[in-house]
Amino acid sequence: MQMKPGKYICIKDDISGYDMKCGTMDPHEVNTMEMNVRTFLSDIITDLKELITIPSVAFPGYPEKPVLRMAELTADLLKRYGLSNARLLEIPGGYPAVVGEIPAPPGAPTVLLYAHYDVQPARQEDGWETDPWTPVIKNGRLYGRGSADNKSGIATIAGTIRALSGKYPVGIRVIIEGEEETASHLNACVEAHKELFVCDLFIITDMGKVIPGEPVVSTTLRGEVSCVVTTKTLTHAVHSGVFGGPAPDALVALIKMLSTLHDDQGDVAIAGLSSNPWSGAEFPGPLYRRLSGLIDGVDTIGTGTVSSRLWSKPSVTVIGIDAPAVRDASNILIPQARARVSLRIAPGADPRHEVQLLADHLRANAPWHVKVEISEVHYASGFICPMGGHGYEAARKVMEAVYRRPVQEAGAGGSIPLLDVLKRAVPTAEFVLWGCEDHEQSRIHGANESVAIGELERMIVTQALLLQELGKGSIQKR
């Protein structure tokens, strides 16, 4: 496949042979930091393994003790790596955040590093080859729930502080959240206590790359809205032979409604939704097919580039449906059925407006005057990263020097609602979005989650060098 330099995401994962002088940084400075990080990388891996053993699932209904234990363990780890005042910040209604700060030298900027310590649920019977809470290293990757999303972020933040060896060129603030994967209470805390989050640059370590070794900064994230749609046709279930024909089945009605969410090409058919053009790196189609696990012969859906369909256009999915299981099927007309519909919305779109369009579409496409209820409405904003500032450009420069190849700008299909809250709270701050995750093998939220150990090392080096670069005056204290 022909790919234009700097435009397409490379599909190689061997970074040997690239020019060490790539970028404008002093190669000796990069080499020195790399050797420094390698002296304690084994400690980082050992500590990350311990974090993985804690099932810090913050979803309602899961035990609180492991989550609280994880918060304490995270604070202790950060203290050992140089953040001496790391502590727990109580979040009203939720789990504590781990915070700490190092004052800025006179005239220097302040950088806030963010990660989260809560994780998705995991059961070995869901397809894990090993116990998800027992870390395993295999073929240069560390496996276990949270290894990538996002306990790797905690490890890289700790490693970044240690790599600076007590000589801090900028002010450092750390926020490790405990509810990113569920209904976060940190958003309200940001709005109520903006002074705790004031900085010149946010570094969000909860992102990643398509393939390990391919340097990427994320520039956009889609938002996510959802609702539960319920159809009702009968007061009670009745025999499908005796009454079937004139009376509509609620599940059939629901299926007809859900089938209208896409047009014949597979594009979202909800009128009025926002959609943005995409001009960043392109995601090669064959690579997408391989990484997504698309079965041979199955078409991709929608129109436009793969990148635009992933990162800047809306997509809609039925993520749950209540209906009799096949094993429990009986000859009845189903009186009530419901489904949760999730809509990924374009970066910058108003989530309340988009979820209203979704609800209106479902009601408008209800057949036979069946009764329709829309409930459990959820919405989360997307994000457009402000680009072009001195901090953002410094991050690209440093990452290029560490990875020895040009940095790509990519979007993200997932959502981090906190980012829009932070942007409103500190409108003058810049953002850098990156991390250790990769689409190729990390399998975040799924079975056999893992992180490439090489990415842990490279991201610690990159973040430490960025803080040093910022201390030279790349951005001015506001």
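Dividing the convex hull volume of the alpha carbon atoms of segment 285-377 by its residue count gives 170 Å³ per residue.
The average projected area of the chain, computed from the convex hull of its Cα atoms over all directions, is 24.2 nm². Under conditions of 37 °C and 0.692 mPa s, segment 114-208 yields 213 µm² s⁻¹ as its translational diffusion coefficient, taking Rh as the Kirkwood radius over Cα pairs in the Stokes-Einstein equation. Can you give the angle from 0 to 90° between the axis of helix 453-469 and the longest principal axis of the chain, with both taken from C-alpha atoms, to the nearest 10? Computed tilt is about 60 degrees. Per-residue ellipticity at 222 nm, computed for the chain from helices alone with -39500 (n - 2.57) per DSSP H run of at least four residues, works out to -9000 deg cm²/dmol. The residues Met33, Met387, when put in order of fewest to most other Cβ atoms within 10 Å, stand as Met387, Met33.
Mind ranking 290-303, 428-441 by how tightly packed they are, going by the mean number of other C-beta atoms within 10 angstrom, highest first? Spell out each step's value before the answer.
Details: 290-303: 10.6, 428-441: 23.6.
Highest-to-lowest ranking by the protection proxy: 428-441, 290-303.
Given the chain, what percent of its DSSP beta bridges are antiparallel, to the nearest 5? Looking only at bridges with both residues in the chain, the antiparallel portion is about 65 percent.
Put simply, when 232-245, 265-278, 318-331 are sorted by average Cβ atoms within 10 angstrom per residue, most first, you get 265-278, 232-245, 318-331. So for segment 380-467, considering every pair of alpha-carbon atoms, how many percent are separated by more than 16 Å? Pairs farther apart than 16 Å: 62 percent. Length gained on full extension, His445 to Asp264: 62.1 nm, using 0.36 nm per residue less the C-alpha separation. Sequence-distant contacts, meaning Cα pairs under 8 Å at least 6 residues apart, place the relative contact order of the chain at 27 percent.
Annotation: segment 300-436 has a Kirkwood hydrodynamic radius of 18.8 angstrom, from the mean reciprocal C-alpha pair distance. If you plug the beta carbon distance of Lys79 and Glu125 into 1/(1 + (r/R0)^6) with R0 = 41 Å, you get a FRET efficiency near 0.65. Taking 0.36 nm per residue of separation and subtracting the Cα-Cα distance, full extension of the segment from Glu373 to Arg327 would add 13.8 nm. Based on alpha carbons, the Rg and Dmax found for segment 419-478 are 15.5, 44 Å.
In this calculation the C-beta distance from Val242 to Tyr62 is compared with R0 = 51 Å, giving a FRET efficiency of 0.70.
If R0 equals 30 Å, the separation of the Cβ atoms of Glu191 and Glu393 corresponds to a calculated FRET efficiency of about 0.50.
Its Cα gyration tensor gives segment 205-268 an equivalent ellipsoid; the semi-axes, largest first and in whole Å, are 45, 14, 11. Remark on segment 38-100: hydrodynamic radius 12.7 angstrom, per the Kirkwood mean of 1/r across alpha carbon pairs.
With the convex hull drawn around the C-alpha atoms of segment 21-178, the volume per residue stands at 140 Å³.
Laboratory data are not the source of any read-out in this text; all were calculated from the coordinates shown. Not measured: the values here are computed from a predicted model. Note: ideal-geometry Cβ built from the backbone for every residue, glycine included; neighbour counts use all protein chains shown.
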